[in-house]
Amino acid sequence: MSSLNESIKFYLNIEDPNIIFSDYFKKWINGKYHNLYLAELIQPYCPYYYSSNLKQNGHYTSNRKILSALTEDHSMTGIASIDRFHMVQMLTRSFNIFRVQIMKQFNKSSREYRLLKSPWMLYLMKYDKLNRTTPYYDWHFKDYLTQEHIVLDGLDCDQTLENTYWVMQDFMVAIQNNDEKKVIHLLHSKQTVGKQMHQTLLTFKHNYSGVLNGISSTYSNGCLEGVNRKIKQIERTAYGYRNFSHLLIRLEENIVKEKESSNFFFVA
């Protein structure tokens, strides 16, 4: 064969001309060496308008990097992996839904309702990031409280809510530390949790290998999801962009503003 791309295609028995292989290497995954092939999937034209130009709203040429894993015995194996970003998103969403359900059981003028409603963002923060030392005045409670105090008082409103909160926190810590043993322990935990959290844990169990692969993997699309979020927010603010180049200019301006804000310093 005259090129690396053609050699790999011949080796893997792939004839699709839109897949172009650029490199390959070995990697140790789950106690075994795998051959990883780096390829680029090229879509030659828009399937909706049969055009390769960025003129139609919402449809454009897509170049995606894909990885194919091949074991040493040359049998193709797909390595399923659930991204850590989406696991955390599922956990926080499940807890938030259950928190609202418990909150609605109390009178709107009660302290329990206020504890579960106004400081909702504190429940989604990592517990070790909460302020535990400096109390501040909160007009909702007419008292000086730390963030930790508010969260613990809110969790005292319901035992199941407290169990759900600590399962979420322990899971996020295990994901951050790539602790597979802790994740396995949490998935087999017998604690009483909210219905939504229970469903999320069942989903993780049904995709057991994908969850563990996601925990042990060094790859994550969290940064990509953050960029997509910024793009969507800009489109909402502008009520859409008719000209694609204007959207790109606005994104570049946003990046410049973020860089400038991180360079501020104060002189005493």
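Observations, loosely collected:
- What separates the Cα centres of segment 84-119 and segment 189-257 is a distance of 21 Å.
- Largest to smallest accessible area among F85, F95 [probe 1.4 Å]: F85, F95
- The gain in end-to-end length when the N228 to Y137 segment is fully stretched comes to 29.1 nm, 0.36 nm per residue minus the alpha carbon separation.
- About the Cα centre, charge dipole magnitude for segment 126-253 (Lys/Arg +1, Asp/Glu -1 at Cβ), debye: 520
- Whether segment 153-192 is rounded, prolate or oblate, judged on the alpha carbon gyration tensor where a/c under 1.5 counts as rounded: oblate
- These residues, Y127, Y219, go from largest to smallest accessible area, 1.4 Å probe, as Y219, Y127.
- Carbon + sulfur, % of accessible area of segment 127-207 - ligands and nucleic acids excluded, 1.4 Å: 49
- Of all lysines in the structure, the ones whose alpha carbon falls short of 22 Å from that of K205, not counting any fewer than 8 places away in one chain, are K181, K182, K190, K195.
- Reach of K9 by Cα under 28 Å, taken over lysines that are not fewer than 8 positions away in the same chain: K26, K27, K32, K65
- Whole-number percent relative contact order across segment 158-198, with pairs defined as alpha carbons under 8 Å at least 6 apart: 55
- Calculated accessible area for segment 194-237 comes out at 62 Å² per residue, all protein chains present (probe 1.4 Å; ligands, DNA, RNA ignored).
- Relative contact order computed over segment 141-220 (Cα-Cα under 8 Å; 6+ residues apart), in percent: 29
The values are calculated or read from the model by the stated rules, or taken from the named source; none is laboratory data. All values reported here derive from a predicted model rather than from experimental measurement. Using ideal geometry, Cβ is built from the backbone for each residue, glycine included, and neighbour counts are taken over all protein chains shown. In case anyone asks, the SASA skips ligands and DNA or RNA and just uses the protein heavy atoms, side chains included. Shrake-Rupley method; radii C 1.70, N 1.55, O 1.52, S 1.80 Å.
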